[in-house]
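K.L.:
I am attaching a structure below and will ask some questions about it afterwards.
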Amino acid sequence: MATIWRAKVRFFLKRSSLSLVAAACLAAGIGLMPGCGGSTTPDSITVLEGLWHGNRSSATLMATSILHDGQFWLVYGTANPTSTAASSPTGANAWVGFSNVEGFVQGTGSVSNMRFNSIDALDFHGTLTITPVAVTAPYVAGKSLNGSITSSSGTAAFTSAPAPTAAYQYNISAKLADVVGTWTGAVVPGTTATATATATATIDAASGLKVTNGTCILSGSINPRAPGITGENVFDIALLAGSACKDAAVQYRGIGLLQAMNNAKAQLIVLSKNSSNDKSLVFFASR
């Protein structure tokens, strides 16, 4: 009887220990703690949430925002002339921002076997034809996201790493107060402008967002994304093209990203498209 009782006690203690380990693993994120078993990085989009800085085809600067629902926005263009690196391994802010935005890739991604994949993405490249693309990228959580973007015309490789916290922090709520005021920048070639053109964005807590490009005025809203979710530092954008715009009455929706640059200025980038996925609007400015 004593032997049976001791066996039951050992079984109970073993189950209790396993339960405590499992609870600890769940609290910290499955697989992220030593001793949790399996891969050190779980196949979950949550490990990739945030902003990634890098380069596309070894020359074009890029930044990729991956959100909690798997939606991603990858903006690419020309770096400001002082660019020496996309991000700093020491954590200092080496982000110089864009001198020109050429376009963006937007889609929904998922992860499997330590790889980020998207088969529904579109490349909105300025005045060029909007192109379906596939994105695939092996990742190391918190360290690297390197892969390729493939279209019918070819493949472009990219490398990226988490944005330095001095430039951007994902796990905080976006603050409207940080973007209120006037931003003078440009709209990229596309459905709103025939060439990169000077544009001004005015943001007011009461009246929302207005982008002016010559006689074309787009009006709408800018709000912190998912305010009920802690830590998704992006803005939701909605804009309606006015009657003087060549894309009059088109409704655009997308995101706004605010980043600090290493010249003590901030850069606001608005990436948006219409529901039919055949028109895009990009605005970027620094102040």
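K.L.:
Could you tell me which residue of segment 179-205 is modelled with the highest pLDDT, considering only residues that are loosely packed, with under 15 Cβ neighbours inside 10 Å and within 28 Å of H68 (Cα to Cα)?
P.N.:
Applying the filter and picking the extreme gives V180.
K.L.:
For segment 126-145, name all the residues that are of a type outside the set (V, I, T) and exposed (fewer than 15 other Cβ atoms within 10 Å of the Cβ).
P.N.:
L128, P132, P138, G142, K143 - these are the residues of segment 126-145 that are of a type outside the set (V, I, T) and exposed (fewer than 15 other Cβ atoms within 10 Å of the Cβ).
K.L.:
Something else now. What strands (runs of 3 or more DSSP E) completely inside segment 119-188 contain at least 2 residues that are free of Cβ contacts under 8 Å to residues at least 12 places away in the same chain?
P.N.:
154-162
K.L.:
Also, quick follow-up: Look at S219 and say whether it is at pLDDT 95 or above, out of contact with any Ser or Thr (no Cβ under 9 Å at 6 or more places or on another chain) and open to solvent by 30 Å² or more (accessible area, probe 1.4 Å).
P.N.:
Here the answer is no, as S219 does not meet what is asked.
K.L.:
Based on what the data block shows, is I149 within 30 Å of I222 (Cα to Cα), under 20 Å from the mean Cα position of the chain (by Cα), among the hydrophobic types (A, V, I, L, M, F, W, C) and modelled with pLDDT of 95 or more?
P.N.:
For I149, the condition - within 30 Å of I222 (Cα to Cα), under 20 Å from the mean Cα position of the chain (by Cα), among the hydrophobic types (A, V, I, L, M, F, W, C) and modelled with pLDDT of 95 or more - is met.
K.L.:
Among the candidates L281, L258, L240, L271, single out the residue that is of a type in the set (A, V, I, L, M), open to solvent by 10 Å² or more (accessible area, probe 1.4 Å) and either under 26 Å from T46 (Cβ atoms) or at pLDDT below 95 (or both).
P.N.:
One residue alone meets the criteria, L258.
K.L.:
Something else now. With the checklist (1) under 21 Å from H68 (Cβ atoms); (2) open to solvent by 10 Å² or more (accessible area, probe 1.4 Å); (3) of a type in the set (S, T, Y) in hand, flag the one item T159 doesn't pass.
P.N.:
Evaluating T159 over (1) under 21 Å from H68 (Cβ atoms); (2) open to solvent by 10 Å² or more (accessible area, probe 1.4 Å); (3) of a type in the set (S, T, Y) leaves (1) as the failure.
K.L.:
Now for a separate question. Looking only at strands (runs of 3 or more DSSP E) that fall completely inside segment 233-287, which ones have 3 or more residues that are without any contact (Cβ under 8 Å) to a residue 60 or more places away in the chain?
P.N.:
235-241, 251-260
The values are calculated or read from the model by the stated rules, or taken from the named source; none is laboratory data. Keep in mind that this is a model prediction, so the values were computed, not measured. Neighbour counts run over all protein chains shown; Cβ positions are idealised from the backbone, glycine included. Areas reflect the complete protein model, heavy atoms only, side chains present, ligands, DNA and RNA absent. Shrake-Rupley method; radii C 1.70, N 1.55, O 1.52, S 1.80 Å.
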